[in-house]
Amino acid sequence: MLKINNLHVKLEEEDKQILKGLTLEVPAGEVHAIMGPNGSGKSTLSYVLSGRDGYEVTDGEAELDGEDLLDMDPEVRAAAGLFLAFQYPVEIPGVGNMTFLRTAVNAQRKARGEAELTAGEFLKEVRVKAAELQISPDMLKRPVNVGFSGGEKKRNEILQMAMLSPRMCIMDETDSGLDVDAMRLVSEGVNALRSPDRSFLVITHYQRLLDHIKPDVVHIMSNGRIIKSGGPELALEVEQNGYADLLAEAD
């Protein structure tokens with residue numbers, strides 16, 4: 001599904017190297033988690049994969065289903081099945097949530113050569129998925145994320161994910177700022193989307209999210225590269241002992 005090899009990335013404005021030879025593979029149907037101390041390059045990885053401006057790839061490659069991901073424009077990556085859930089979802093005043101969702105869904109369907117959803121088809125589908133995430137009809141009518149709480153914004157992103165049906169879902173610290181109940185709802189939404197042909201890359205600081213979204217593999221990242229990979233027990237080790245021993249092993 002997602003294959004990254006020897007990826008080197010720097011900030012364009014500061015000429016600062018962030019990723020320093022990162023190699024990672026996420027097979028179809030698996031959930032991989034990335035943990036690491038602040039400044040290790042976790043969010044940079046998510047931004048580069050999604051095509052955000054401000055970063056320059058100086059070496060290495062990233063492929064999605066065998067296609068060169070880094071050579072695609074952001075909207076082409078999205079149509080190819082890549083989805084990024086932000087740490088801090090943005091507000092879009094003046095754009096209704098329903099209008100935004102239907103436009104996004106039909107744009108991707110059109111790019112893939114599929115028939116666009118009619119208003120009735122879209123409304124039926126979005127109401128079912130919104131109810132599962134406890135998103136009220138009022139939230140659907142409001143501008144995108146405007147006046148939403150942190151938990152509502154994250155649930156709204158999971159709704160977008162459910163409607164778009166991506167193949168590769170990257171979640172950048174989705175648990176940031178969530179209380180226990182909101183985290184449970186968001187996690188249940190993610191778990192409902194797990195399937196043999198959909199993969200997840202979950203970036204997080206905390207083991208607590210991984211109590212709800214069970215990963216197949218946990219990767220520890222430091223100084224722009226993966227320094228250790230293992231099963232879910234690796235996240236528990238970090239929770240109990242911190243990163244110091246793992247960082248010492250990597251030096």
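The values are calculated or read from the model by the stated rules, or taken from the named source; none is laboratory data. Just so it is clear, the structure is predicted and the values come from calculations on it, not from any experiment. Backbone-built Cβ (ideal geometry, glycine too); neighbour counts: all protein chains shown.
Please name all residue pairs, on different chains or six or more residues apart, with Cβ atoms under 8 Å, provided the first residue is in region 25-42 and is without any contact (Cβ under 8 Å) to a residue 60 or more places away in the chain and the second residue is aliphatic (A, V, I, L, M) and surrounded by 14 or more Cβ atoms within 10 Å (Cβ to Cβ).
From region 25-42, the pairs are GLU25/LEU2; GLU25/ILE4.
So that you can scan it fast, the table gives a plain yes or no per residue for (1) on the phi > 0 side of the Ramachandran plot; (2) surrounded by fewer than 19 Cβ atoms within 10 Å (Cβ to Cβ):
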{"residue": "LEU22", "(1), (2)": "no, no"}
{"residue": "VAL31", "(1), (2)": "no, no"}
{"residue": "ILE34", "(1), (2)": "no, no"}
{"residue": "SER40", "(1), (2)": "no, no"}
{"residue": "THR44", "(1), (2)": "no, no"}
{"residue": "VAL48", "(1), (2)": "no, no"}
{"residue": "VAL76", "(1), (2)": "no, yes"}
{"residue": "GLY94", "(1), (2)": "yes, yes"}
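Those residues that are more than 22 Å from the chain's Cα centre (by Cα) and either assigned to a loop (DSSP other than H, G, I, E, B) or crowded, with 17+ Cβ neighbours inside 10 Å (or both), I need them from region 141-150; list them, please.
Matches in region 141-150: ARG142, GLY147.
Quick one: in region 188-224, of everything that is under 23 Å from THR44 (Cα atoms) and of a type in the set (Ser, Thr, Tyr), which residue is surrounded by the fewest Cβ atoms within 10 Å (Cβ to Cβ)?
Ranking the qualifying residues of region 188-224, first place goes to TYR206.
For VAL126, state whether it is over 17 Å from GLU188 (Cβ atoms), under 20 Å from the mean Cα position of the chain (by Cα), aliphatic (A, V, I, L, M) and surrounded by 15 or more Cβ atoms within 10 Å (Cβ to Cβ). Let's see the steps before the verdict.
Numbers: over 17 Å from GLU188 (Cβ atoms): yes; under 20 Å from the mean Cα position of the chain (by Cα): no; aliphatic (A, V, I, L, M): yes; surrounded by 15 or more Cβ atoms within 10 Å (Cβ to Cβ): yes.
Taking the combined requirement at face value, the residue does not satisfy it.
Every residue, every condition in (1) closer than 29 Å to ASP211 by Cβ; (2) among the hydrophobic types (A, V, I, L, M, F, W, C); (3) modelled with pLDDT under 90; (4) in a helix (DSSP H, G or I), yes or no:
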| site | (1), (2), (3), (4) |
| --- | --- |
| LEU101 | no, yes, no, yes |
| GLU152 | yes, no, yes, yes |
| THR174 | yes, no, yes, no |
| GLY177 | yes, no, yes, no |
| ALA182 | yes, yes, yes, yes |
| VAL190 | yes, yes, yes, yes |
